[in-house]
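Trainee: What follows is a single structure, and I will ask about it in a moment.
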Amino acid sequence: MHVRLIYPAIFLFFFASCNQNTQQAASPGATASIAVKWELLSNFQDTGYKARFYLLNKGERTLTDKNWKMFFSIAPSPILSNTTPQPADVEHINGDWFKLYPNPGFSLKQGDSVVIDYRATGYVIKNTDQPLGIYIVFYDNNGNEESIANIDDYTLIPYTAKEQLLRGRDDRELPASAEKTFIDNTGLVVLPEDQLLPIIPTPLSFSKFDGVYELNIGTITFSDSLSEEARLLAARLKEITGKDFSTKAGAAGQKGIYLSIDSDALTQKKQEAYRLTINDQGINITGYDAAGVFYGIQSLLSLIPTNVYLGKEQRIKLPYVTIDDAPRFAFRSLHVDVSRNFQSKENIFRILDVLAQYKINRMLLYTSEDEGWRVEIPGLPELTEVGAKRLHVSGKDAPALHPAYGSGPFADSKDNYGTGYYTRKDFIEILKYAQQRHISIIPELNFPGHARAAIKSMEARYERLMKEGKKEEAEEYRLADPDDQSVYISAQMYKDNVVDVTRESAYRFYEKVVEEFGKMYKEAGLTMREFHAGGDEVADGAWTKSPHALELMRQHPEIKNAKNIQAYFFRELLKRLEKKGLEIHGWEEAFLIKDSTGKLAPNAEFAGKPVVPYIWNNMFDYPDLGYRLANQGYNVVLCNVSNFYFDLAYNNDPAEPGLYWAGFIDTKNAWAFAPFNMFNTTFKSSMGDVLEWDKPNTPWQKLKPEAQKNIKGLEAQLWSETIKGRDMIEYYMLPKLIGFSESAWSPERKWEKEPNRKKRMEQIDEGWNQFANTIAQKEFPKLAHINGGYNYRVPPAGVVIENGEIKANVALPGISIHYTTDSTEPTMQSPVYTAPVSATATFNFKTFDASGKPGRTITVKKAGTQRLN
């Protein structure tokens, strides 16, 4: 075959001169003497994208056509056959796990280099799309694995051309640039402090009066049962002021802070309601219940002046106010996926603190997925011994989890987020920590799809017990049908992630896990009332060639289609879990069924039962599904992908991490949401086309007025395919969560029902300008202070050159823009941009919030080129 080799001197120059974004990985294994570069060539191929690997052999060992293969993770998409022969080919194995293997005649000696092109469907535009966790496996003459080594010398060649920056020719977004950012920020203006929102989320009623109350060291007095709320308030005031506030039970005294429960004293007679008054007699927080008192405390903390949080003012002067408040929705949740990439218990504590600050009262803690099982379950040790770690395996059929999302070949390598789990003690601590902050943790076990970690763990258990001669015990919790020949590929490109739900052992496993979760709640002093059963994205083709499934369909001809085995499973599961007094939550797919025409349609059979569909799909096949289910009588949670999927990137800049299969989601999307008129706030398609679904002639079913009560609440999602560690999850979450809190807690905004599109958009823009100013000027300084500071996203400057002048702006007004013209990095001591400047030099622009936290640097050359550093 034709092998393209590049002369060593030329290739070495290439490696030396293009070293941006080098990935340095540490591991307990050896490091290969191979340099790798990866380049996206174009997304403008007829059927997808084309990319290129550059390999340079720096070691003494010659790479032949039999003694090596290179493995890596990359954004999953089917590999296409090459139009011209290549020295090596890329092959998909499972999920996002791929390999590069040599073709016959391949030879790469020390100092030689090679170029390998490949093609795949879809498109890649993000740095987070690149190959990650790259390693090489060496083989002996018999084809047996000999050794494994990480490839640490790796470089991503930056995306710069249009065909690299756009998602194919159908992408309607402008290519990422500082100019695009400037255009997106147009219309935003800085507001003075007195025009900012006093509290986020906006309370139901806020009245301000003449007068100021100065909060000095004093006593927090509380009525019975509020000692924990008083303790948390004292601790937060100590953190903010450095001063000790004592707490005591008793009746209201003079001055100070008084916490009490008295539902009769409130105008809002509902759970979580509160009244906060500040006057010359002190501070009084009265709740309908303890949760209401806690949320009144959050509003009090929001009223503390920004300069106190910044350490510029010691005295806390609070305005005289009366606030009557209650949530719009009783269910306000954040989904946190710790299965794809693990987050420590301490990171979860930090997230819970910021949820409490913005009055979010649920966390769906996603602890089981294809890529990981994250909670210890007594009696099933393989769930964590096998399911809580990822490592190199001989192939997808091994009873273990292969690498994913860049976790690499070694389970215990540094910064490996593929490994980790919560012990029972850890999980109980999380439950208690959440409960103290009036947050309920919703546990989850995703069946029948997305279950690979559980399946592989139980296969390892099966093999262990069979070797011990314990066949009956081995079968007790088995989840796989070994004779299933079904061929399918899931949304994340798994070929083996669906449970055999015809087996009684699958239900026995599920009930065992639910029982153990219930015991942990009991030990935490709680009762488990909600449980999430997953149910999403069962791949077409699953069960179609399973002997067990075919026999089930023979016995139950009413099933008709293998796709409807999922409904059968949910029906059988519900019978068992209802007896435990649980409300069962699940993704929308669990509530669909194939009708007589072969189309998926809402399944009315579970309406009226203790079930809650979570609706994520408001853009693709069934944009009105949430309303259709609510109109049928289901209590639904809206999780709209167009507004609340925080793992989607803020925008299309390659440096902005995240996914984009449903477009791009920023804080405004999370804020600008009309729960009862969601078509009014679905602004763009996944590819950037402007949507006008608010027109009368759209085919979508509207929410009936009498069904508004069936919108149980809202949830935002943090899927973690691209999220690794504390800093990244906080960056994805903040400030989007702030916008979400306004949609979930605050009263209906006037633009939500405005029928005139032009007027509605004007009202949205006006409201967003105020909200964006408040985030920048008030919320960021708080987030920079509490818990030692959060890694919220400070947006970079938008910059454009017009008529020889450079203009700059920012997405959150109140953030300052600094610049230099001598190639140095701007600091807060650099000149502040206040007006257009002459484009006579190369400028570096950098944004800073009031705490000094920076955004990324923008470089603008005199010729008009722009670069994000």
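Trainee: The conditions are (1) crowded, with 18+ Cβ neighbours inside 10 Å; (2) touching an Asp or Glu at 6+ places or on another chain (Cβ under 7 Å), and ARG424 fails exactly one of them. Which is it?
Mentor: Every condition holds for ARG424 apart from (1).
Trainee: Filter segment 225-236 down to residues that are among the aliphatic types (A, V, I, L, M) and touching a helix residue (DSSP H, G or I) at 6+ places or on another chain (Cβ under 8 Å) and give me whichever is surrounded by the fewest Cβ atoms within 10 Å (Cβ to Cβ).
Mentor: LEU232
Trainee: Search segment 475-497 for residues that are under 21 Å from GLU382 (Cβ atoms) and pair each with any residue that is at pLDDT 95 or above and aromatic (Phe, Trp, Tyr) when their beta-carbon atoms are under 6 Å apart and the residues are at least 6 apart or on different chains.
Mentor: Short answer, once both residue conditions are applied: TYR477/PHE509; ARG478/TYR462.
Trainee: Restricting to segment 217-254, what's the tally of residues that are in a strand (DSSP E or B) and among the β-branched types (Val, Ile, Thr)? Explain how you work it out, then say what you get.
Mentor: Here is the first cut: in segment 217-254, the ones in a strand (DSSP E or B) are 219-222, 246-249.
Restricting the remaining residues to those that are among the β-branched types (Val, Ile, Thr) gives 219-221, 247.
So the answer is 4.
Trainee: Hey, could you check segment 535-563 for residues that are over 14 Å from VAL498 (Cα atoms) and in contact (Cβ under 8 Å) with a residue 12 or more places away in the chain and say which is surrounded by the most Cβ atoms within 10 Å (Cβ to Cβ)?
Mentor: Residue satisfying both the conditions and the ranking: MET553.
Trainee: While we're looking at this one, here's another question. Quick check on LYS519: is it under 30 Å from ASP426 (Cβ atoms), touching a Lys or Arg at 6+ places or on another chain (Cβ under 9 Å), assigned to a helix (DSSP H, G or I) and open to solvent by 10 Å² or more (accessible area, probe 1.4 Å)?
Mentor: For LYS519, the condition - under 30 Å from ASP426 (Cβ atoms), touching a Lys or Arg at 6+ places or on another chain (Cβ under 9 Å), assigned to a helix (DSSP H, G or I) and open to solvent by 10 Å² or more (accessible area, probe 1.4 Å) - is met.
Trainee: I need the helices (runs of 4 or more DSSP H) fully contained in segment 303-408, keeping only those with at least 1 residues that are closer than 28 Å to TYR614 by Cβ, open to solvent by 10 Å² or more (accessible area, probe 1.4 Å) and among the aromatic types (Phe, Trp, Tyr).
Mentor: Because the criterion is at least 1 residues that are closer than 28 Å to TYR614 by Cβ, open to solvent by 10 Å² or more (accessible area, probe 1.4 Å) and among the aromatic types (Phe, Trp, Tyr), the helices (runs of 4 or more DSSP H) in segment 303-408 that meet it are 345-357.
Trainee: While we're here: Being surrounded by 20 or more Cβ atoms within 10 Å (Cβ to Cβ) and closer than 30 Å to THR419 by Cα is true for just one of ILE723, ILE764, ILE711, ILE738. Which residue is that?
Mentor: Exactly one of ILE723, ILE764, ILE711, ILE738 is surrounded by 20 or more Cβ atoms within 10 Å (Cβ to Cβ) and closer than 30 Å to THR419 by Cα, namely ILE723.
Trainee: Conditions first: (1) touching a strand residue (DSSP E or B) at 6+ places or on another chain (Cβ under 6 Å); (2) assigned to a helix (DSSP H, G or I); (3) not polar (S, T, N, Q). TYR627 passes all but one, so which condition is the exception?
Mentor: For TYR627, the exception is condition (1).
Trainee: Taking into account only those residues within segment 474-509 that are among the charged types (D, E, K, R) and part of a helix (DSSP H, G or I), which is nearest to ASN94 (Cα to Cα)?
Mentor: It comes out as GLU475.
Trainee: In the set PHE182, PHE98, PHE106, which member is aromatic (Phe, Trp, Tyr) and in contact with a His (Cβ under 7 Å, 6 or more places away or on another chain)?
Mentor: PHE98
Trainee: Now, a different point. Could you tell me whether any residue of segment 450-473 is part of a loop (DSSP other than H, G, I, E, B), open to solvent by less than 10 Å² (accessible area, probe 1.4 Å) and out of contact with any helix residue (DSSP H, G or I) (no Cβ under 7 Å at 6 or more places or on another chain)?
Mentor: yes
Trainee: What are the residue pairs meeting all of these: first residue in segment 838-862, first residue aromatic (Phe, Trp, Tyr), second residue modelled with pLDDT of 95 or more and open to solvent by 50 Å² or more (accessible area, probe 1.4 Å), Cβ atoms under 9 Å, and 6 or more apart or on different chains?
Mentor: From residues that are aromatic (Phe, Trp, Tyr), the pairs are PHE843/THR821; PHE848/THR827; PHE848/MET828; PHE848/PRO854.
Trainee: Report yes if some residue within segment 611-624 is outside any loop (DSSP other than H, G, I, E, B) and open to solvent by 10 Å² or more (accessible area, probe 1.4 Å); otherwise report no. Steps first, please.
Mentor: Within segment 611-624, the subset outside any loop (DSSP other than H, G, I, E, B) is 611-615.
Then drop every residue that is not open to solvent by 10 Å² or more (accessible area, probe 1.4 Å), which leaves none.
Checked against the condition, which is being outside any loop (DSSP other than H, G, I, E, B) and open to solvent by 10 Å² or more (accessible area, probe 1.4 Å), segment 611-624 yields no hits at all.
Trainee: Within segment 651-663, restricting attention to residues that are in contact with an Asp or Glu (Cβ under 8 Å, 6 or more places away or on another chain) and not polar (S, T, N, Q), which residue is least open to solvent (accessible area, probe 1.4 Å)?
Mentor: GLY658
The values are calculated or read from the model by the stated rules, or taken from the named source; none is laboratory data. The model shown is predicted, which means the values in this text are computed figures rather than measured ones. All Cβ positions, glycine included, derive from the backbone under ideal geometry; neighbour counts span all protein chains shown. We work out accessible area using only protein heavy atoms, side chains counted, and drop any ligands, DNA or RNA first. Shrake-Rupley method; radii C 1.70, N 1.55, O 1.52, S 1.80 Å.
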